[in-house]
Amino acid sequence: PQPAGLRLHEPGCRPKHDPAGSRAGREKPLLPLFSRRIKESSMNITWNAKEYKDHFSFVPSYGEDLFSLIDAPAGSRVVDLGCGNGALTQKLSERGFSVLGLDASGEMLALAKELHPGLEFRLADATSFHLEEKADVIFSNAVFHWIDDQRALLRCIADNLKPGGQLVCEFGGVGCAK
């Protein structure tokens, strides 16, 4: 069943880069882009990878603004947490980082592996992943607002960052992910 009131952007949550409000006031619900799921993992949704790629390619473009916040030098280990289709993982790799894309959606990871065959992607839950080698940077764009257990998320991130490592992220605020 479709969640009541689900829209692309709730009032006040339209991205600042949305050209001429191209998506503002959109009345078509997001489904089948995603659907609510019973508590299988920390994510409270299931993604439709094809619909995401076809209709929401603008989301990774917003994430590129975050790259300027990464202090680590080229060659540093960067984890793209909630990498989705791997678009930003690829861009991070092009900036010279050693990248790993993690996502809880097998469907999104299959697309990421198809689109970016030279990169490493793994199925992982953001609240319980474990890295063999801790990361210099954990990067995440438009993911954390979909995760119910925020304490577990932050604990897991802290456990997988090197001392002095960096968390660079962006996520929606209250009311943006209804």
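Values quoted throughout were computed directly from the atomic coordinates according to the rules given, and no laboratory measurement underlies them. Quick caveat: nothing in here was measured; it's all calculated off a predicted structure. Cβ: placed from backbone, ideal geometry, glycine included. Neighbour counts: every protein chain shown.
Here are some notes:
- Amide H partners (placed H, <5 Å) of residue 99, local residues excluded: 78
- In this structure the amide hydrogen of residue 169, modeled in the peptide plane, comes within under 5 Å of the amide hydrogens of 140, none closer than 5 places in sequence on its chain.
- For peptides 119-128, 98-107, 149-158, 79-88, sequence by mean Cβ density within 10 Å, most packed first: 79-88, 98-107, 119-128, 149-158
- The calculated P(r) of region 79-178, using every Cα pair and 5 Å bins from 0, goes 2, 14, 24, 26, 20, 10, 3, 0 in percent.
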